[in-house]
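Step one of this worksheet: look at the structure below.
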Amino acid sequence: MILLSFDTEEFDVPREHGVDFPLDEAMKVSVYGTNRILDCLKNNGVKATFFCTSNFAENAPEVMRRIMDEGHEVAAHGCDHWRPQASDVSRSKEILERLTGRTIQGYRQPRMFPVSDTELERMGYVYNSSLNPAFIPGRYMHLSEPRTCFMTGKLLQIPASVTPWIRFPLFWLSCHNLPMWLYQLLVNRVLKHDGYFVTYFHPWEFYPLGEHPEFKMPFIIRNHSGKGMEERLDRLIRKLKEKGYAFMTYSEFAQIKLAELNKPDEK
């Protein structure tokens, strides 16, 4: 089972590097990238989950409609990606449900930072995908956390996939910078070990960041951005389809996992 996801947010990375970047410009970058992602998914006939900030959803109604019309899941990713607040757990769900007319089942905290599972459960979320169980200096230190799905109360936790034993992360930066043969080899290892693969990207990765030095983006983010990431995502999907793996949304996966976990023991 393959769980592709995209953190569909306003492009605020330049602000991390001291660049003043207004919302309208941030939205142009993310809208462009989201459409490139949707083109790739449509060409390959696969479904994915889009974790959307309410900022993005309110400012890109046409793209939101395309996400839904093409069969993808909308999940919550807070409100303002640059300034996450504790209240975003409830506010983002309420705003997205009003805008989409759908029940929002999943949540991912901006930048995969900690979030209250108690509040997520109170708001009726089915799953939380806010954990990257790896050690990434300056960002994550989660080597003691489970590396595969687990429950906290009634909430299913869906961590991003990392390799067994050494917990090498297989998220967006890895796909940017590893040779694709190596990235795919590691993905196959996770699939053989776990039976499923969970990863995430961002729309702005599919924008030609290398053509914009004013963004002051580090090389590891610029590397293979734009058309290069379109080609890499397409190649990854095609290789996984060739092996017969099923692509599904996080909510579909959650239904399967919850049914397995709630199945009574046979004696």
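The values are calculated or read from the model by the stated rules, or taken from the named source; none is laboratory data. Treat the numbers as computed from the prediction; the structure is a model and nothing was measured. All Cβ positions, glycine included, derive from the backbone under ideal geometry; neighbour counts span all protein chains shown. For the accessible areas, the whole protein counts, side chains as well, though only heavy atoms, and no ligand, DNA or RNA atoms are used. Shrake-Rupley method; radii C 1.70, N 1.55, O 1.52, S 1.80 Å.
General remarks:
- Near pairs, Cβ below 6 angstrom, 6+ apart or cross-chain, from the stretch 1-27 (closer than 30 Å to His193 by Cβ and open to solvent by 10 Å² or more (accessible area, probe 1.4 Å)) to any residue that is among the polar types (S, T, N, Q) and at pLDDT 85 or above: none
- Among residues of the stretch 178-203, those that are open to solvent by less than 10 Å² (accessible area, probe 1.4 Å), out of contact with any Lys or Arg (no Cβ under 9 Å at 6 or more places or on another chain) and in a helix (DSSP H, G or I), counted: 1
Here is a yes/no grid of residues against (1) in contact with a His (Cβ under 7 Å, 6 or more places away or on another chain); (2) among the charged types (D, E, K, R); (3) within 23 Å of Ile2 (Cα to Cα):
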residue	(1), (2), (3)
Val31	no, no, no
Asn35	no, no, yes
Val46	no, no, yes
Asn59	no, no, no
Arg65	no, yes, no
Trp82	no, no, no
Lys93	no, yes, no
Gln109	no, no, yes
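- Residue match in the stretch 101-120 (condition: in contact (Cβ under 8 Å) with a residue 60 or more places away in the chain, surrounded by 16 or more Cβ atoms within 10 Å (Cβ to Cβ) and either touching a Pro at 6+ places or on another chain (Cβ under 7 Å) or basic (Lys, Arg) (or both)): yes
- The single residue among Gly78, Gly71 that is assigned to a loop (DSSP other than H, G, I, E, B), open to solvent by less than 10 Å² (accessible area, probe 1.4 Å), among the small types (Gly, Ala, Ser) and under 29 Å from Cys40 (Cα atoms) turns out to be Gly78.
- Residue in the stretch 126-137 that is touching a Lys or Arg at 6+ places or on another chain (Cβ under 8 Å), closer than 29 Å to Ser92 by Cα and hydroxyl-bearing (Ser, Thr, Tyr) present: yes
- Reported count of residues in the stretch 230-253, each being farther than 12 Å from Phe197 by Cβ and in a loop (DSSP other than H, G, I, E, B), is 2.
- The stretch 163-177, subset open to solvent by 30 Å² or more (accessible area, probe 1.4 Å) and in a loop (DSSP other than H, G, I, E, B), residue nearest to Glu230 (Cα to Cα): Phe168
- Yes/no for Ser144 being surrounded by 14 or more Cβ atoms within 10 Å (Cβ to Cβ) and among the small types (Gly, Ala, Ser): no
- From the list Arg65, Arg102, Arg91, the one residue that fits, being over 23 Å from Ala160 (Cα atoms), in a loop (DSSP other than H, G, I, E, B) and either basic (Lys, Arg) or at pLDDT below 95 (or both), is Arg102.
Table: residues versus (1) closer than 26 Å to Val126 by Cα; (2) over 21 Å from the mean Cα position of the chain (by Cα).
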{"position": "Leu173", "(1), (2)": "no, no"}
{"position": "Val198", "(1), (2)": "yes, no"}
{"position": "Trp204", "(1), (2)": "no, no"}
{"position": "Pro208", "(1), (2)": "no, no"}
{"position": "Met217", "(1), (2)": "no, no"}
{"position": "Lys227", "(1), (2)": "no, no"}
{"position": "Glu230", "(1), (2)": "no, no"}
{"position": "Ala254", "(1), (2)": "yes, no"}
{"position": "Ala259", "(1), (2)": "yes, yes"}
